[in-house]
Amino acid sequence: MSMIALQGGPFLPAFVIALGGTNYHVGLLTTIALIGQVTQIPGLFLVNRYGKRRLITVFSTLAYRLMWCFILLIPAFFVNKGVFFLLVCLLIAELVGSVSAPPWNSLIRDIVPQKVFGKVFSTLMMLGSMAALTLTMAGGYFVDWWKVIFPQKQLFAYSMLFGLGVIFGLIGTYALGKLPELT
């Protein structure tokens, strides 16, 4: 949830607006996330065909997280076409990242015993929500502070938050790689 808090929430729409995007472009963010869900079907076929749930999950999530490296570079290299470049990168990231949903769900279902499944995930959601709230508030203060100190470079504040999100995401991907592959 830390990655999502820093790369989504209020920061991604604010980044789009700061790049010169419109409400239409902000609306496309939601549409792109939904379009990406279609690749869950190929993810299911990959699991059925190869059975390597952890490998498919790690590869898909790693590719998703690394796509954000292009997004965080927008203020430095692509600001003139930033909104278009952002939307294309997000579309690719969502299409690749959504492949991981079926294998991850199947893998976690086999790892976490049924009798504690609800408790484990309610605890994870509670802790994740607390982390997301803290990071969202801190990120908001950081963006406001950055805009005062570096008004001509305000887009870089978002890049730094996205970069921190990439780091959290890569840590999560590493942890996914350590999960046992039960059959």
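Tabulated values for the structure
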| quantity | calculated |
| --- | --- |
| Under Karplus coefficients 6.51, -1.76 and 1.60, residue-wise ³J(HN,Hα) of the stretch 75-85 in Hz, glycine/proline x | x, 7, 10, 10, 4, 5, 10, x, 5, 4, 4 |
| Radius of gyration, Dmax [the stretch 111-183; alpha carbons; angstrom] | 17.4, 54 |
| Listed residues ALA33, ALA93, ALA157, most fluctuating in the chain (Gaussian network, C-alpha, under 10 Å) | ALA33 |
| Computed E for ASN48/VAL88 - FRET, C-beta separation, R0 41 angstrom, nearest 0.05 | 0.85 |
| Structure-based [θ]222 nm, the chain - -39500 (n - 2.57) summed over DSSP H runs of at least 4, per residue, nearest 500 | -26000 deg cm²/dmol |
| Helix 40-50 axis, angle to the chain major axis (alpha carbon atoms, nearest 10°) | 40 degrees |
| Degrees between helix 155-177 axis and first principal axis of the chain (Cα, 0 to 90, nearest 10) | 10 degrees |
| Förster radius 25 Å - calculated FRET efficiency between PHE117 and ILE4 (Cβ-Cβ, nearest 0.05) | 0.70 |
| Computed FRET value (nearest 0.05) for ASN105 with GLN152, which takes r as the C-beta separation and R₀ as 35 Å | 0.20 |
| Semi-axes of the equivalent ellipsoid for the stretch 1-147, Cα gyration tensor, largest first, Å | 30, 21, 12 |
| Gain on full stretching of the segment that runs from TRP145 to MET126 - 0.36 nm per residue minus C-alpha separation | 4.0 nm |
| Computed accessible area, ILE149, all protein chains, 1.4 angstrom probe, square angstrom | 80 Å² |
| Cα Rg over Rh - the stretch 60-152, Kirkwood | 1.10 |
| Gaussian network model of the chain, springs between alpha carbon atoms under 10 Å - residue of VAL116, VAL79, VAL26 with greatest fluctuation | VAL116 |
| Heavy-atom surface of the stretch 12-134, accessible at 1.4 Å and reported per residue (Å²) | 58 Å² |
| Zone of GLU181's modelled label, taken as backbone nitrogen in the stretch 101-119 under 18 Å from a point 7 Å along Cα→Cβ | 101-112 |
| Extension gain (nm, one decimal) between GLN40 and ALA76, 0.36 nm per residue minus Cα-Cα | 9.7 nm |
| The chain, accessible surface, carbon-and-sulfur percent (1.4 angstrom probe) | 72 percent |
| Span from the the stretch 67-99 Cα centroid across to the the stretch 117-183 one, whole angstrom | 18 Å |
| GNM result for the chain, Cα springs below 10 Å: residue of VAL143, VAL58, VAL120 fluctuating most strongly | VAL120 |
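The values are calculated or read from the model by the stated rules, or taken from the named source; none is laboratory data. Because the structure is a prediction, the values reported are computed rather than measured. Note: ideal-geometry Cβ built from the backbone for every residue, glycine included; neighbour counts use all protein chains shown. Each accessible area value is taken on the protein alone, full model and side chains, heavy atoms only, with ligands, DNA and RNA left out. Shrake-Rupley method; radii C 1.70, N 1.55, O 1.52, S 1.80 Å.
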